[in-house]
1. Hey, any hits in segment B:123-132 for a residue that's within 13 Å of chain A (Cβ to nearest Cβ), among the small types (G, A, S), assigned to a helix (DSSP H, G or I) and closer than 20 Å to B:I198 by Cα?
2. Tell me the helices (runs of 4 or more DSSP H) entirely within segment A:297-391 that contain at least 2 residues that are outside the structural domain of A:A443 (by TED's automatic domain parsing).
3. Which one of A:L410, A:L351, A:L316, A:L369 is over 26 Å from A:T100 (Cα atoms) and either open to solvent by less than 30 Å² (accessible area, probe 1.4 Å) or touching a helix residue (DSSP H, G or I) at 6+ places or on another chain (Cβ under 9 Å) (or both)?
4. For A:L215, state whether it is open to solvent by 30 Å² or more (accessible area, probe 1.4 Å), in a helix (DSSP H, G or I), modelled with pLDDT of 90 or more and within 30 Å of A:R343 (Cβ to Cβ).
5. Out of (1) aliphatic (A, V, I, L, M); (2) open to solvent by 40 Å² or more (accessible area, probe 1.4 Å); (3) over 17 Å from the mean Cα position of the chain (by Cα), the odd one out for A:I361 is which?
6. Hey, can you tell me all the residues within segment A:228-243 that are under 14 Å from A:A80 (Cα atoms) and either modelled with pLDDT under 85 or open to solvent by 40 Å² or more (accessible area, probe 1.4 Å) (or both)?
7. Filter segment A:47-87 down to the residues that are in a helix (DSSP H, G or I), farther than 20 Å from A:V146 by Cβ and among the charged types (D, E, K, R), then identify the one that is least open to solvent (accessible area, probe 1.4 Å).
8. Taking helices (runs of 4 or more DSSP H) that do not extend beyond segment A:460-569, which have at least 2 residues that are more than 29 Å from the chain's Cα centre (by Cα) and touching a residue at least 60 places away in the same chain (Cβ under 8 Å)?
Amino acid sequence: MRSQVQEWPEETHRTGFELRRHFFRRFFDSDLVSTPGQWRTVAGGLIAIVASSSIIVTQEYFGKYRRLLEIDSPEPYRLAMIADHLFFITLGMCLTGLFTCLQWGSLFPGLRDYLALAGLPLRPRDIFTAKFAALVAFAGAFIVAVNALPSAMLPAVSAGRHQVLGGPSMLTLFLSAATASFFLFFALVAFQGLLLNLLPGNLFPRVSLLVQGLLVTALLCALPFVLAIPGTHAAMTTRPDAALWWPPVWFLGLDQWLLGNREPYVSRLAARALIASATAALAALLGYVWSFHRHRIRVIEMPFEPGRETAWIRKLRDAAAGLTAPRSPERAALGFIGKTLARSQQHRLVLTVFTAIAAAIVFNGFVTLMTERGFHGFSVRTFALRQLAASVPLSLTLFLLAGYRYLFRLPVELRANWVFKVNEGGNRLDFLRAAHRTLFWAAVAPVMLLTGPVLVALLGWREGVCALIPAFLAAMILMEMLLFRFDRIPFTSSYLPGQRPLIETVMIYGAAVVFYISATSAVIASAVTDWPGFLMLCGALLAVWAHLSKARIEVWEAGRLEYEETEEPLVHALDLNKD
Amino acid sequence: MLEVHGLVKRYNRIPAVNGVSFTIAPGEVLGYLGPNGAGKSTTVKILTGLIEPTEGRILFGGQDVRNDFTAFQRRLGYVPEEAHLYPHLTGREYLQLVGRLRELPRRILDPRMDHLLRLFGLWEDRHSPLASYSKGMRQKILLSGALIHNPELLILDEPFSGLDVNTALMLRALLRGLAGAGKMIFYSSHLLEVVEKICSSVVILRKGEVAANGRVEQLRYMMSQASLEGVFAQLTQQGDPETRVREIMDAISA
């Protein structure tokens, strides 16, 4: 019996099953990663973060509910419980939304699926059905993983005299949270199906990428507010009509209804949750059925063509390149980097995610400021307003520069890098300078140009410009630091994710947010009203930048270009014999 | 027998293939020739079911394949011109996928897969991802995948691309052997010498239309040419290569 079970996956099953199994496995692959199975390293790091943070969250919740259970009245306990249920339902939805957005390009079969499976005895319908089934299974696994832990944890840590620990409360929270997540997942699939059917074939890729970017930005911007939901427990007694249009609240209604609350308002919410879920699932299914023929023709017969440049844009670009990059090899590398960034959808998506994180931080900063008691409008220039204004260019440059630096590691058609390899002799510094110029012109310069007017509008001409100058210098320093040991032409080297433990990466970003955004913006906010302080700050930043820039060039002159990212050795030598 | 009648495929009303007809009898190797853009790949895509024809019929064993295209696909093996493969699968996993999708039971699939991997010299690399395979290795894995279910009809689009000399010689002999065993082989290529050696008949396309269809020796005789190369150049109206060479030399030295 045991051997039969072990042998079962190895056997050949029906075509549909084999196709579903194939598509399911392909969800774990990425074109950006050159080593198969490397996702396990990243997933391992992610699980470690979730596991370690869940211990902290569990302890926090345990303490919170012990304190609530000490109160004789059950009302505070009940309200906190409802708020936490809403929090976990919304968090599950948010994470599922992000997951779906990251899988946006894989929601429907792609060109590679059709070409690689060509000639095999498969109807297009089979490919579509199998892809949909694999997608639902993959999303299902994610949704279960995201919602199972909180659904088990919350009832367990909150059990006490006001509510005893029981399976039903775990089950109802899990069911409502999972249904909410599935609702959003199906809604997004249906939305893409709608775009696929309504948009002209040549327009779809551009609009689809834009929608994907907007969704990621919106979901990341929403995360800080989701995290604030447990603090809104006092509002859980209200029954606002507006909440009837807020999907997470529908599923909170479903959760409460399953727990036995038969209030008409709750029943209405529960009914909406069920209708919405069924409608989204049906719409996704119909979207698939409706689009399968059109999608296949679009994918196979209408390959994506990048937008054509008009003559004046080309002339302007060539003139700018001639001025900024006088040497031809540097211009060549610059053109390659720019065109790849403009045309590679995956790279643009990664950049969108980084930009969205920056936007979320800025957005959250403004909302926090505006909801503070000491806020008297933007015309009153407080220290908090100055700090927030200075943090805008800093937030954007931090995540844009880090995003580009990360993007540069992700390869595009790795085998094509021979064109740089054979032309490397004597041109190495030109190629690296192209990366430097890209970072400046694609991250630092546009951020300063875009945020300059915002700073002037918030702080006035003098203070706005005074805040912008040190922010610009700080960005230049960050750029030098990020490129200090940069040793490759962007997009031409293999990539091994998970080299650094994910927890370490998160901590580095956390430290960068604290020092680069919070601390630097506080220093800038103090300096803008103090001329000597401002001059000293600018002088210090300028000196650091000049020093780093010189050191970076020295490192670049001595180093060599890398085309293959190798795994870190398991044991690092101390290298005591070296200086 | 495979019979193609009046095949037409239009993209935005522009015909890529226009009224193409040919037949392949069991044991026959049909060479499908034409300059770039003549419509060879479009024909292959139609035959494999990647795209649907605007007009025309394809009969296999006297039956219209549209009645049950999946049944037709079960009986064909296909080697595409470009190696479209899932880069993260290993060579063995790819063959396993193809075999399973063709519903080959494990007791047949596993030994056959291993045999083919050894015979094509891929055994040592069977657990390496396809992304790391050379062009020739990819071609070999595609050939293995096309043969794994012992198809009646083979559709080969530039199957010699990237193969080393020994494997190319082996493949040439294999195609003859397969034809000898009664298989039908549709062989699309630019390699006129190979076509001349292994094909019993040829179809030459020009701008989506059939410029010639017949046995190689018959075409040579009709066109008064000593080789298929001469027939091809005459039918496809290629410019004088010497003139073109001079123009290129002028362009790069200007």
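The values are calculated or read from the model by the stated rules, or taken from the named source; none is laboratory data. Here the structure is a predicted model, which is why all the values come from computation and not from measurement. Using ideal geometry, Cβ is built from the backbone for each residue, glycine included, and neighbour counts are taken over all protein chains shown. Ligands, DNA and RNA are excluded from the accessible area calculation, which covers all protein heavy atoms including side chains. Shrake-Rupley method; radii C 1.70, N 1.55, O 1.52, S 1.80 Å.
1. Just the residues of segment B:123-132 that are within 13 Å of chain A (Cβ to nearest Cβ), to begin with: B:127-132.
Those still in the list that are among the small types (G, A, S) too: B:128, B:131-132.
With assigned to a helix (DSSP H, G or I) added as a condition, the list becomes B:131-132.
If we keep only those that are closer than 20 Å to B:I198 by Cα too, we end up with none.
So far as segment B:123-132 goes, no, none of its residues is within 13 Å of chain A (Cβ to nearest Cβ), among the small types (G, A, S), assigned to a helix (DSSP H, G or I) and closer than 20 Å to B:I198 by Cα.
2. Working: elements: A:311-324, A:328-343, A:345-371.
Fully inside segment A:297-391 and qualifying: A:311-324, A:328-343.
3. Details: A:L410 fails: over 26 Å from A:T100 (Cα atoms); A:L351 fails: over 26 Å from A:T100 (Cα atoms); A:L316 fails: either open to solvent by less than 30 Å² (accessible area, probe 1.4 Å) or touching a helix residue (DSSP H, G or I) at 6+ places or on another chain (Cβ under 9 Å) (or both).
Result of the check over A:L410, A:L351, A:L316, A:L369: A:L369.
4. Working: open to solvent by 30 Å² or more (accessible area, probe 1.4 Å): yes; in a helix (DSSP H, G or I): yes; modelled with pLDDT of 90 or more: yes; within 30 Å of A:R343 (Cβ to Cβ): yes.
Yes, satisfied.
5. Evaluating A:I361 over (1) aliphatic (A, V, I, L, M); (2) open to solvent by 40 Å² or more (accessible area, probe 1.4 Å); (3) over 17 Å from the mean Cα position of the chain (by Cα) leaves (3) as the failure.
6. Residues of segment A:228-243 that are under 14 Å from A:A80 (Cα atoms), as a first pass: A:228-238.
Matches in segment A:228-243: A:A228, A:G231, A:T232, A:H233, A:A234, A:A235, A:M236, A:T237, A:T238.
7. Among those residues, the one meeting the criterion is A:K64.
8. On the way: elements: A:502-512, A:520-527, A:531-558.
Those helices (runs of 4 or more DSSP H) span A:520-527, A:531-558.
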